[in-house]
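Working notes, beginning with the structure itself.
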Amino acid sequence: MIEEWKLARLYKSQYRVVGNHSAVKICHWTKEAIRGRAPCYKQTFYGIKTLQCLEMTPALTCNQRCLHCWRDITIFSEPEWKGPVDEPKEIIKGCIEERKKLLIGFKGNKKVNSEVLERAMQPVHAAISLTGEPCLYPRIADLIEEFFSFGFESVYLVTNGTVPEALESLRKLPTNLYISLTASNPEMYKKLCNPLIKDGWLRLQKSLEIMSKMKTNTVIRITMINGLNTENPNEFIPHIEKARAKYVECKAYMHVGYSKDRLTEQHMPSMEKIREFAKVIEENSNYKIKDERTDSRIVLLERY
Ligand code: SF4
C-alpha cells in the first residue's frame with residue numbers, strides 16, 4: 001500500500017489514487033475545454049477529444065528522475081516494479097469513477113454548459129501519461145486492450161523507453177505510442193534523465209528499434225531544455241530514423257510544477273528556438289514540418 005504522506009501529497013495535487021498503484025487527474029486542457037476554451041495540441045494535431053480525455057497512470061513509480069519533470073519525483077522512484085499488480089478492469093473502473101467525482105465540482109459553475117459537462121463525464125480517450133513509467137506495470141498490454149473493450153475511441157501510451165520488453169508484449173497497439181527522447185547521447189541521457197537503472201540508454205535504443213516495426217501512430221517527443229539539449233539537433237536524427245517514427249514532436253520544456261526546483265525560466269526555449277531546431281531536422285532527415293501550436297510551444301514533423 002502507498003504510505004500516508006505520499007497519499008496526502010498526491011491528493012493535495014489533485015491526483016486520485018486508484019487501488020495499489022494507479023492514479024487519475026483532470027488535465028488542465030480538459031478543464032479548459034469544459035470552460036469552452038481551446039483544446040490541447042493533441043486534438044489539433046491528431047483529432048482526439050480533449051473534453052473526454054481520461055489522463056491516468058497504472059504506475060505510481062518511475063525508474064528515471066528527469067530534470068525537466070513537473071511531477072513530484074521524490075514520491076515514487078524505484079528501478080523496477082514492486083508489490084501487488086491490480087486488475088486492468090478494476091483500474092479503469094476506478095479511474096472513471098474518481099474522474100467523475102473530480103468533475104462534479106464544475107456542476108455549480110454558471111459559466112459551464114451543463115451539456116458540455118455531461119459529455120465530459122463520459123471519457124472516450126485514455127492518456128496513459130499522467131506520471132511515472134507506465135510500462136513498469138506488468139499488465140500494460142492487458143490495460144490497453146481493456147480500455148478499447150470499455151469502448152474508448154483512442155488510447156495513448158507515453159513511455160520513457162526503458163522497458164522494451166513491455167513494448168514487445170503489446171498485442172492491441174495504442175492509437176499513439178510515444179517515446180520520450182530527451183537526450184541524443186549516453187552522457188546527456190545520464191545528466192538529464194538521472195536513470196535509476198544501469199542500462200537505461202541501451203534499453204531506450206532497443207525500444208526505438210521495436211518502435212520501427214510498429215503499425216500505429218508512433219511519435220518521438222523531444223522535450224527541449226534550453227542550452228542542455230538544444231544545441232545540436234542533428235545528433236537526434238539517427239535515433240529518430242532508427243525508430244522510423246511517424247511523427248516527431250519538438251516541444252519546449254515548461255517551467256512548471258516541481259521542475260522549478262531544478263531548472264530556471266531560461267531553460268524554457270522560445271517558439272523561435274523550437275522552429276529553428278525543427279528546421280534543422282527537416283533539412284537533414286526524412287521529415288517535414290507539418291504543424292505547430294505556439295501556446296504549447298510545439299512544432300510537429302511528419303515522416304514522408
Ligand atoms: S491528451 Fe494529454 S494534453 Fe490532451 S487533454 Fe489528454 S492529458 Fe491533457
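A few notes on this one:
- Residue among A38, A23 that alone is part of a strand (DSSP E or B), on the phi < 0 side of the Ramachandran plot and not acidic (D, E): A23
- Taken over region 263-275, the criterion of being touching a residue at least 40 places away in the same chain (Cβ under 8 Å) and either exposed (fewer than 15 other Cβ atoms within 10 Å of the Cβ) or more than 17 Å from V299 (Cα to Cα) (or both) is satisfied by L263, Q266, H267.
- Residue match in region 205-214 (condition: at pLDDT 95 or above, surrounded by fewer than 17 Cβ atoms within 10 Å (Cβ to Cβ) and more than 22 Å from A141 (Cα to Cα)): no
- Region 102-134 - residue that is in contact with an Asp or Glu (Cβ under 9 Å, 6 or more places away or on another chain) and small (G, A, S) and, of those, surrounded by the most Cβ atoms within 10 Å (Cβ to Cβ): A126
- Flag for R99 being among the basic types (K, R), open to solvent by 10 Å² or more (accessible area, probe 1.4 Å) and within 15 Å of the ligand (Cβ to nearest atom): no
- Criterion (without any contact (Cβ under 8 Å) to a residue 24 or more places away in the chain and open to solvent by 70 Å² or more (accessible area, probe 1.4 Å)) met by exactly one of E165, E90, E80: E165
- Among (1) within 16 Å of the ligand (Cβ to nearest atom); (2) within 16 Å of the chain's Cα centre (by Cα); (3) open to solvent by 30 Å² or more (accessible area, probe 1.4 Å); (4) of a type in the set (A, V, I, L, M, F, W, C), the one test that A38 misses: (2)
- For region 41-54, the candidate set comprises residues that are part of a loop (DSSP other than H, G, I, E, B) and touching a residue at least 12 places away in the same chain (Cβ under 8 Å); within that set, the residue that is most open to solvent (accessible area, probe 1.4 Å) is K49.
- Being farther than 23 Å from E249 by Cα, outside any strand (DSSP E or B) and more than 16 Å from the chain's Cα centre (by Cα) is a condition met by at least one residue of region 154-165.
- In region 17-32, the residue that is nearest to L143 (Cα to Cα) out of those that are open to solvent by 20 Å² or more (accessible area, probe 1.4 Å) and within 15 Å of the ligand (Cβ to nearest atom) is K25.
- Test for N194: is it within 24 Å of I73 (Cα to Cα) and not hydroxyl-bearing (S, T, Y): yes
- Whenever a residue of region 178-196 is open to solvent by 40 Å² or more (accessible area, probe 1.4 Å), its partners that are in a helix (DSSP H, G or I), lying with C-beta atoms within less than 7 angstrom and at least six residues away or across chains, give the pairs P186/W201.
- Residues of region 131-159 classified as closer than 18 Å to I222 by Cα and within 16 Å of the ligand (Cβ to nearest atom), total: 6
- Only one entry in K246, K260 is basic (K, R), open to solvent by 50 Å² or more (accessible area, probe 1.4 Å) and closer than 21 Å to H28 by Cβ, namely K260.
The values are calculated or read from the model by the stated rules, or taken from the named source; none is laboratory data. All figures in this text were calculated on a predicted structure; none of them were measured in a lab. Every residue, glycine among them, receives a Cβ derived from its backbone with ideal geometry; neighbour counts consider all protein chains shown. Quick note on the areas: whole protein, heavy atoms, side chains included, nothing else; ligands and nucleic acids left out. Shrake-Rupley method; radii C 1.70, N 1.55, O 1.52, S 1.80 Å.
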